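No value in this document is a laboratory result; all are computed from the given coordinates. Worth saying up front: this structure is predicted, and the values here are computed from it rather than measured. Here the Cβ positions follow ideal geometry from the backbone for every residue, glycine too, while neighbour counts run over all protein chains shown.
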Amino acid sequence: MIAVTQPRRVAATSLAARVAQEQCSTLGQLVGYAVRFDEKSTSDTRIKYMTDGMIVRELLSDPMLSRYSVVIVDEAHERTLRTDLLLANLKKIIKKRNEAPTKDAKGKHSSNISNPLKIVVMSATLDAEKFSKFFYKYGHL
């Protein structure tokens, strides 16, 4: 699944609605969202728009964000506490998910969360050099 973070609820819900409409999909099916006190998504959801606070909350129950193959952090230039906390955790997750693969109950290598996590950091006014230095070991920015 792809997670797209937004700093505000209105942006998360309206962008999800717009992308669902462009995909000719019902909101909550292929494209969903999660904001505080409101979520529209199913097990079939492939793109989930959410506030940065919601994905930080998901870190509490799933520290590896194993449901996601891509995390897009939008409006990163705003540098809120939640966004900075998310970016710091994403850096740790990249390292862990790029290390040795996990093993299943039978001791065989499993790829459930060992797949690399891709991160996209977006902003209209981003200082790319700062973010490149922060993620420098883990690929291109």
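Enclosing the Cα atoms of region 8-54 in their convex hull gives a volume equal to 58 cubic angstrom per residue. Near the amide H of VAL4, within less than 5 Å, lie the amide hydrogens of LYS48, TYR49, MET50, ILE72, all on another chain or at least 5 residues away, with H placed in the peptide plane. Bridging of LYS96 to aspartates and glutamates at a Cα separation below 15 Å is possible for ASP62, once same-chain residues fewer than 8 apart are set aside. Computed 3J(HN,Hα) for region 66-80, one whole-Hz value per residue from the Karplus formula 6.51 cos²θ - 1.76 cosθ + 1.60 where θ = phi - 60°, is 5, 6, 10, 9, 9, 10, 9, 9, 9, 6, 5, 5, 5, 6, 6, glycine and proline marked x. In a DSSP loop and with at most 16 other Cβ atoms within 10 Å, the GluC sites (Glu not before Pro) in region 1-102 are GLU99. Longer than 20 Å from Cα to Cα, which of LYS95/LYS133; LYS91/LYS130; LYS92/LYS118; LYS40/LYS95 are they? Say none if no pair is. Check vs 20 Å cut-off fails for LYS40/LYS95.
What does the extension gain come out to for ARG46 and SER123, with contour length at 0.36 nm per residue minus their alpha carbon separation?
On the way: separation 77, 0.36 × 77 = 27.72 nm, distance 2.25 nm.
This chain segment gains 25.5 nm when fully extended.
With the alpha-carbon atoms of region 27-107 aligned to their principal axes, the span from lowest to highest coordinate is 39, 31, 18 Å, starting with the largest.
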